[in-house]
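Chemist: There's a structure below that I have some questions on.
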Amino acid sequence: MARIVSLAEAVRLAVHDGDTVAMEGFTHLIPFAAGHEVIRQGRRDLTLIRMTPDLIYDQLIGAGCARKLIFSWGGNPGVGSLHRFRDAVEHGWPAPLELEEHSHAGMANRYVAGASGLPFAVLRGYNGTGLASTGSIRPITCPFTGEALTAVSALRPDVAIVHAQRADRAGNVQLWGIVGVQKEAVLSSERSVVTVEEIVDSLDQRPDAVVLPSWTVSYVAEVPDGAHPSYALGYSVRDNDYYAKWDAISRDREAFTQWLEDLQ
Amino acid sequence: MTDCDYTSDEMMAVSAARALRDGMTCFVGIGLPSTAANLARATHAPGLVLIYESGTIGAKPGSLPLSIGDGILAQTADAVVGVPEIFNYWLQPGRIDVGFLGAAQIDKFGNINTTVIGGDYRKPKVRLPGAGGAPEIAASCREVIVVVRQSNRSFVERVDFITSVGYGSGPGDRERLGLTGAGPKKIITDLGVLEPGPATLEFRLTGVYPGVEIPTVRERTGWDLTVAPDLETIAPPSTAELAALRELQARGGVQSTRSDG
């Protein structure tokens, strides 16, 4: 059963130095408040997993929380580069960052394998690309047709962190709109933290909603607007202006350091 | 150019929109491809089915989204599915007619690099965003159209890193690699249109915009560009196309023409 706790307590209980952490949310429902709490609590040596690192991992990488990044697209959507991510890869600032790089299809399938309790997933992909020969991507032959396919190893994070629209007092979680790989991330992880816009007495049924039953979630914390500058459909809109303005902050180590001080 | 009541970026968006036919299914990248696809839907192709990798199928945004996951896409879609489903059920089997992609670097065989430029992979000169959905879009859509501004830095003999495969090293490579889609059919730029030569699969210039001189296109191409014998001069934007594009952009809030995955 999920425990309903404060955000600070959820992060303290679920995220430890050296953990493999997946914060998911595909443009929508990105758990920014939880990511900021990880920065405030000074976690180190994390292996961060996320399909689209987005601003949240730019911030965690710049803050020195990460040792390694497992990802498939590291840009500021519609704006340009993630400069903290680039600075870490190109110049090792504030620390070198090891990369494990995939396509979106590969990452999604790795989560599916993890959620399914399988060691790998199979897809038709990567052939001919420069990504094809890394440790978590291997050729595999179909035992039925002989077709040359690609196997990707399962993701099994220590902890998944996602944001959702709401939960009830028993910790059952409901999310809808663009649902990304949040369900797969939670089900493939050892522990999970879900921040929600609101905790309600009972969840009315929504045919379009994904439900994470309380017994699949470790901790639920009520954090209104916890996805900002991402958004929660039905509660907030994406703060596109913040994404545009992040470019200047992220580009400059001093401006970023000031941002980091203001966050504490 | 003499007649400058439109920009080269506007000409590019219009030219790219014209490449899409009504009723097609189109897997759309954000930035230039998304602008062009939405322009097509606002003009000659109201039945164009827009599919974004965020899992939004049949999105009908009234303004240009900044990201592939803006709320407007989910709210106007026929269906919203999870990310594993959009790639596994919808893209992988070859159901999508056209993949509409941007590029940071592209070579004469239409291979796309959005990963690293210069240096080596571990210590690149420039770290780009990476693959996103593009490798499988390039592999599995029935055909691919690339929309990208042309410069001799972005149009190279051989990409530094193959993120998404075009024709690999030439004829036969897609078949050998088991890529099910036909590959890139057009590269639409701010100067004109390039298409693969029938025998070599090397991209050559098949169309230019009004006022664009061939030497200019050659200067902005990093390989020895061939010009098709039947080179076409592409019609300038019509009043209706230009009005529709400007209206979309005015309603777009933050307008971006950056291309990414």
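The values are calculated or read from the model by the stated rules, or taken from the named source; none is laboratory data. Every value quoted in this text rests on a predicted model; they were computed, and no experiment measured them. Neighbour counts run over all protein chains shown; Cβ positions are idealised from the backbone, glycine included.
Chemist: Name the one entry in B:P46, B:P93 that is over 19 Å from the mean Cα position of the chain (by Cα), at pLDDT 95 or above and under 26 Å from A:R124 (Cα atoms).
Modeler: Only one candidate qualifies: B:P93.
Chemist: Looking only at residues that are touching a strand residue (DSSP E or B) at 6+ places or on another chain (Cβ under 6 Å) and more than 10 Å from chain A (Cβ to nearest Cβ) in segment B:76-101, which one is surrounded by the most Cβ atoms within 10 Å (Cβ to Cβ)? Before the answer, list the steps.
Modeler: Going through segment B:76-101, the residues touching a strand residue (DSSP E or B) at 6+ places or on another chain (Cβ under 6 Å) turn out to be B:77-80, B:96-101.
With the extra rule that they be more than 10 Å from chain A (Cβ to nearest Cβ), the set shrinks to B:78, B:96-101.
Values: B:D78: 12, B:I96: 22, B:D97: 18, B:V98: 24, B:G99: 29, B:F100: 28, B:L101: 31.
Only one residue fits best here, namely B:L101.
Chemist: Inspect segment B:91-100 for any residue being without any contact (Cβ under 8 Å) to a residue 40 or more places away in the chain, assigned to a loop (DSSP other than H, G, I, E, B), out of contact with any Phe, Trp or Tyr (no Cβ under 7 Å at 6 or more places or on another chain) and small (G, A, S) and give the result as yes or no.
Modeler: no
Chemist: Further question: Only one residue in B:G58, B:G62 is surrounded by fewer than 20 Cβ atoms within 10 Å (Cβ to Cβ), touching a strand residue (DSSP E or B) at 6+ places or on another chain (Cβ under 7 Å) and closer than 30 Å to A:A227 by Cβ, so which one is that?
Modeler: Unique residue meeting the criteria: B:G58.
Chemist: Looking at segment A:215-247, which of its residues are out of contact with any strand residue (DSSP E or B) (no Cβ under 6 Å at 6 or more places or on another chain) and away from every other protein chain (no Cβ under 14 Å)?
Modeler: Listed by number, the residues that qualify are A:W215, A:T216, A:D225.
Chemist: Name the one entry in A:A66, A:A154 that is buried (at least 19 other Cβ atoms within 10 Å of the Cβ), of a type outside the set (D, E, K, R) and either touching a residue at least 40 places away in the same chain (Cβ under 8 Å) or facing chain B (nearest Cβ under 10 Å) (or both).
Modeler: A:A154
Chemist: Based on this model, can you work out whether A:E190 counts as charged (D, E, K, R), more than 11 Å from chain B (Cβ to nearest Cβ) and in contact with a Pro (Cβ under 8 Å, 6 or more places away or on another chain)?
Modeler: When the stated conditions are applied, A:E190 passes them.
Chemist: State which residue is modelled with the lowest pLDDT when the search covers only segment B:158-182 and only residues that are farther than 14 Å from B:T114 by Cα and in contact with a strand residue (DSSP E or B) (Cβ under 6 Å, 6 or more places away or on another chain).
Modeler: It comes out as B:G178.
Chemist: Next question. So is A:G135 within 11 Å of chain B (Cβ to nearest Cβ) and either under 30 Å from B:L179 (Cα atoms) or at pLDDT below 95 (or both) or not?
Modeler: no
Chemist: Further question on the same structure: Would you confirm, using the coordinates I've provided, whether B:I72 is in contact with an Asp or Glu (Cβ under 8 Å, 6 or more places away or on another chain) and within 11 Å of chain A (Cβ to nearest Cβ)?
Modeler: For B:I72, the condition - in contact with an Asp or Glu (Cβ under 8 Å, 6 or more places away or on another chain) and within 11 Å of chain A (Cβ to nearest Cβ) - is not met.
Chemist: Further question: In the list A:E197, A:E254, which residue meets the criterion of being assigned to a helix (DSSP H, G or I), acidic (D, E) and out of contact with any Asp or Glu (no Cβ under 7 Å at 6 or more places or on another chain)? Lay out the reasoning, then the answer.
Modeler: Values: A:E197 fails: assigned to a helix (DSSP H, G or I).
On inspection, the qualifying residue turns out to be A:E254.
Chemist: Can A:V211 be described as more than 11 Å from chain B (Cβ to nearest Cβ), in contact with a Leu (Cβ under 9 Å, 6 or more places away or on another chain), in a strand (DSSP E or B) and modelled with pLDDT under 95?
Modeler: Taking the combined requirement at face value, the residue satisfies it.
Chemist: Consider only pairs whose beta carbons are under 7 Å apart and that are at least six residues apart or on different chains; among these, list those whose first residue lies in segment A:105-117 and is closer than 16 Å to A:A132 by Cα and whose second residue is among the hydroxyl-bearing types (S, T, Y).
Modeler: That search, which allows pairs on different chains as well, returns A:G106/A:S72; A:G106/A:Y126; A:M107/A:S72; A:R110/A:S153.
Chemist: Could you check segment A:1-82 for helices (runs of 4 or more DSSP H) lying wholly inside it with 1 or more residues that are touching a Phe, Trp or Tyr at 6+ places or on another chain (Cβ under 7 Å)?
Modeler: Details: elements: A:7-14, A:32-40, A:54-62.
By residue number, A:7-14, A:54-62.
Chemist: Here's something else I'd like to know. Please work out if B:I86 is modelled with pLDDT of 95 or more and within 22 Å of B:P135 (Cα to Cα). Don't jump to the end; show me each part of the working.
Modeler: On the way: modelled with pLDDT of 95 or more: yes; within 22 Å of B:P135 (Cα to Cα): yes.
When the stated conditions are applied, B:I86 passes them.
Chemist: Here is a further query. Condition first: out of contact with any Lys or Arg (no Cβ under 9 Å at 6 or more places or on another chain) and exposed (fewer than 15 other Cβ atoms within 10 Å of the Cβ). Now tell me which residues in segment A:83-115 satisfy that.
Modeler: A:H91, A:G92
Chemist: Are there any pairs with C-beta distances below 8 angstrom linking a residue in segment B:129-145 that is β-branched (V, I, T) to a residue that is at pLDDT 95 or above and assigned to a helix (DSSP H, G or I), with the two at least 6 apart or on different chains, and if so which?
Modeler: Here the result reads B:I137/B:L91; B:V144/B:I137; B:V144/B:A138; B:I145/B:A16, each pair linking segment B:129-145 to a residue that is at pLDDT 95 or above and assigned to a helix (DSSP H, G or I).
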